[in-house]
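Heads up: the structure comes next, in structure tokens.
The values are calculated or read from the model by the stated rules, or taken from the named source; none is laboratory data. As the structure is a prediction and not an experimental result, all values here were calculated from the model. Reconstructed Cβ throughout: ideal geometry from the backbone, glycine too, with neighbour counts over all protein chains shown.
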Amino acid sequence: GYITFKNPYGYLPGELYGFLPFEGARMIAFVLFGLFFFYKYFKHKNTILPLHNGIVFVYLIALTESVTWYSAYQNINLTGEPYCCPFPPSVIASLVLQVFRQTFARTLLLVVCLGYGIVRPKLLASEWVAITLVSVLYFITATINQVANIVITNDVHNNYSHNIIPYQVPGFLIDVIVITWIYYALGSTIRILTEFQQTAKLRMYTRLSSVIVLFVGLFAVVAVLILLGNITRYLNTY
């Protein structure tokens, strides 16, 4: 025989239940953002840049990701299918979309900061090789980190080491490389625009720089807190 546990709201574990309304809210937010964005997109379709098409691609991935995550949590909540392990197909699809969205968003931001399509008509072959290499490394390390995080979190039988730090460090280092490159590229692009007095583009890149500084600051604080929390948990355990 077997014993079945069911919460008042369904089979989803309490530590995961918060993700269900969160993904639902995120899905609705993406839909509302999409309505506004595509209104502007088609209104100014004659002046669309390749950058805007890249944003559309990232948006569609993010929207699909939020839908698949919501569907995955809803299915687990209704059927009691284990979150792990093995992973249900819906969770695998959600993880792949999540990592792909994170990878492509970073790649797109790096390409924009290098000035491609706005300041420079094309990038060097060596730059494309480096961008591809960094993107592939980020995709691999982010996938390993996400899978390890889920497996270790749901390892109730202690079949795996609960030290997640080795899985987080490679992704963290790749992120540092990407962010450093973005800042260097952005600084170079701003200097070129200043030299040639292209005020409209300079204003756009200056605003982008301010947004990146804010985002990186928040990301750094959260990343450090998570890493310190995992180190503390590991030391207390062992």
Could you check L49 against (1) surrounded by 15 or more Cβ atoms within 10 Å (Cβ to Cβ); (2) touching a residue at least 40 places away in the same chain (Cβ under 8 Å) and say which number it fails? (1)
Those residues of segment 63-93 that are part of a helix (DSSP H, G or I) and of a type in the set (D, E, K, R) come to a total of 1
List the pairs whose first member sits in segment 58-87 and is farther than 22 Å from V147 by Cβ and among the β-branched types (V, I, T), whose second member is in a helix (DSSP H, G or I) and modelled with pLDDT of 90 or more, and whose Cβ atoms are under 8 Å apart, counting only residues at least 6 apart or on separate chains? V58/R101; V58/F104; V58/A105; V58/L108
Can you tell which of F37, F19 is closer than 17 Å to R101 by Cβ and either touching a residue at least 60 places away in the same chain (Cβ under 8 Å) or over 19 Å from the mean Cα position of the chain (by Cα) (or both)? F37
On the basis of being closer than 28 Å to G187 by Cα, part of a helix (DSSP H, G or I), among the aliphatic types (A, V, I, L, M) and modelled with pLDDT of 90 or more, does V96 make the cut? no
From the list A185, A223, pick out the single residue that is at pLDDT 85 or above and surrounded by 13 or more Cβ atoms within 10 Å (Cβ to Cβ). A185
